[in-house]
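Please read the structure below before turning to the comments.
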Amino acid sequence: MNLNTKEIQLQYEGFLKTPQLWINNAVFGLEQFILQKENITQFNGNIVKNQRLGKRVERFLSHQLRQNTSIKILTENTQIQNNKTTVGELDCILKQNNTPVHLEVIYKFYLYDASVGKTTLDHWIGPNRKDSLVEKLRKLKDKQLPLLYNPFTKPLLKKLKLSPENIQQKVLFKAQLFIPYQTTKINFELLNKNCVKGFYIHFNELQQFNTCKFYIPTKINWLQEIETQTKWLPFEVFLQKLTVFIQQKTAPLCWLKKSNGETEKFFVVWW
């Protein structure tokens with residue numbers, strides 16, 4: 001297995017092992033698409049070189065769905081057009097046990113910041129504060145799911161011999177959550193606590209980890225679980241590499257290895 005193939009397999013396994021952000025339809029009335037847990041298989045789908053993380057996730061899910069005999073994919077990543085203008089894109093229409101489902105796929109990384117918003121959902125934001133969980137939920141509810149009922153979607157549905165009113169709408173929303181370092185009082189009333197994958201900390205507070213070793217995975221490898229057999233960096237070298245990210249106001253995901261061998265994922269933030 002070459003390095004690229006091994007990396008993709010580890011990304012795929014990381015995707016499969018990431019829990020869904022909530023169960024049933026607890027959040028915004030959006031119902032999660034439930035798949036039975038299956039044995040992890042070898043990913044043999046097609047990944048385009050330098051394909052961004054979101055598109056990789058779509059390929060990984062497509063491969064996973066195709067392993068399931070109760071599922072038949074009817075169309076995926078289908079752009080809806082008004083002449084030459086793209087109205088939007090449907091992630092997937094499938095049949096599960098012969099029931100048609102419109103499925104939207106989301107994989108996100110969110111950090112908990114109690115200073116943002118008023119509700120527990122408001123507090124989850126992107127690592128660079130450019131997006132948030134609530135923004136994504138609203139986009140799903142108001143834009144992505146209603147695309148099924150758009151007049152310009154009718155030709156596709158006619159071709160598939162489907163009526164929109166007979167199609168269930170569901171999401172597969174997976175996420176890795178990160179909480180402030182040494183914080184425990186967080187309300188997980190609506191969200192799945194198992195999605196917590198680590199902590200985040202400000203760049204200026206890193207000195208307390210000066211006896212640890214580190215690794216900075218590329219963004220497409222954020223999906224991976226921590227690989228212990230990797231080229232760990234000593235603290236000073238890690239700090240030098242990290243400074244470049246912080247100066248660009250980019251919060252990278254990092255791996256930490258303590259002197260006792262324990263490992264953890266964490267974000268280093270500039271804000």
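Among 79-85, 231-237, how do they line up from the highest to the lowest mean number of other beta-carbon atoms within 10 Å?
On the way: 79-85: 10.3, 231-237: 12.7.
Highest mean packing first, the order is 231-237, 79-85.
Order the peptides 104-112, 38-46 from the highest to the lowest mean number of other Cβ atoms within 10 Å of their residues.
Details: 104-112: 21.2, 38-46: 11.2.
Going by the mean number of other Cβ atoms within 10 Å, highest first, we get 104-112, 38-46.
List, in the order given, every pair from Lys37/Lys161; Lys231/Lys265; Lys141/Lys265 whose Cα-Cα distance in the structure shown is over 24 Å. It would help to have the intermediate numbers written out before the result.
Values: Lys37/Lys161 30 Å; Lys231/Lys265 15 Å; Lys141/Lys265 31 Å.
Over 24 Å apart, Cα to Cα: Lys37/Lys161; Lys141/Lys265.
So how far, in whole Å, is the C-alpha centre of the stretch 61-98 from the one of the stretch 127-147?
20 Å
Over the stretch 79-236, what is the relative contact order in percent, taking alpha-carbon pairs closer than 8 angstrom and at least six residues apart? Intermediate results must be reported in sequence, preceding the final value.
On the way: 188 pairs, mean separation 33.5, N = 158.
Contact order relative to length: 21 percent.
I'd like the orientation of helix 53-66 relative to the chain: the angle between its Cα long axis and the longest Cα principal axis, in ° from 0 to 90, rounded to 10.
Here the helix axis deviates by roughly 50 degrees.
Taking only Cα atoms of the stretch 1-139, what ratio of Rg to Rh do you get with Rh as the Kirkwood inverse-distance radius? Write down the numbers at each step before the final one.
On the way: Rg = 16.8 Å, Rh = 17.2 Å.
That ratio is 0.98, to two decimals.
In terms of the ratio Rg/(2.2 N^0.38 Å) built on C-alpha atoms, what value belongs to the stretch 173-232?
Working: Rg = 13.8 Å, N = 60, 2.2 N^0.38 = 10.4 Å.
Normalised by 2.2 N^0.38 Å, the Cα Rg of the stretch 173-232 equals 1.32.
Treating the beta-carbon of each Lys and Arg as +1 and of each Asp and Glu as -1, no other charges, what is the dipole magnitude of the chain about its Cα centre, to the nearest 20 debye? If you can, show how the numbers build up before the last one.
Numbers: 38 positive and 22 negative charges, 133 e Å.
Dipole about the Cα centre, nearest 20: 640 debye.
Over the Cα atoms of the stretch 63-203, how large are the radius of gyration and the largest Cα-Cα distance (Dmax), in Å?
In order Rg, Dmax, the Cα atoms of the stretch 63-203 give 18.2, 55 Å.
Compare the peptides 120-127, 173-180, 238-245 by average per-residue count of other Cβ atoms within 10 angstrom and give them in order, highest first. Walk me through the numbers before you get to the answer.
On the way: 120-127: 18.9, 173-180: 21.5, 238-245: 14.9.
Ranked by mean Cβ neighbours within 10 Å, highest first: 173-180, 120-127, 238-245.
Would you grab the residues whose amide H sits under 5 Å from the one on Leu233? Only those 5+ places off in sequence or on another chain, please, with H modelled 1.01 Å from N.
Answer set, sorted by chain and number: Phe214, Tyr215.
Rounded to whole Å and sorted largest first, what semi-axes of the equivalent ellipsoid does the C-alpha gyration tensor of the stretch 31-106 yield via the square root of 5 times each eigenvalue? Mind dumping the intermediate values first?
Numbers: eigenvalues 101, 65, 20 Å².
Square roots of five times the eigenvalues give 23, 18, 10 Å.
Could you compute the FRET efficiency for Lys193 and Ser163, with r as their C-beta to C-beta distance and R0 at 30 Å, rounded to 0.05? The partial results should precede the final answer.
Working: r = 39 Å, r/R0 = 1.30.
Once rounded, the FRET efficiency stands at 0.15.
Say R0 is 30 Å: what FRET efficiency, to the nearest 0.05, do Lys139 and Glu38 get from their beta-carbon distance? Write out the running numbers ahead of the final one.
Numbers: r = 30 Å, r/R0 = 1.00.
So, using R0 = 30 Å, E works out to roughly 0.50.
Treat the chain as a sphere of radius equal to its Kirkwood radius over Cα pairs and apply Stokes-Einstein at 25 °C in a medium of 0.890 mPa s; give the translational diffusion coefficient in µm²/s, rounded to a whole number. Before the final figure, lay out each step's value.
Values: Rh = 20.3 Å.
In µm²/s, the coefficient is 121.
Kindly state, to the nearest 0.05, the FRET efficiency for Asn83 paired with Tyr149, given R0 = 22 Å and r defined as their beta-carbon distance.
Values: r = 20 Å, r/R0 = 0.89.
The formula returns an efficiency of 0.65 here.
Short version: what are the Cα gyration tensor semi-axes of the stretch 122-271, square root of 5 times each eigenvalue, largest first, in whole Å? Write down the numbers at each step before the final one.
Numbers: eigenvalues 313, 54, 47 Å².
Semi-axes, largest first: 40, 16, 15 Å.
Coordinate-derived values only; no laboratory data. These figures come from a predicted structure and were not determined experimentally. Backbone-built Cβ (ideal geometry, glycine too); neighbour counts: all protein chains shown.
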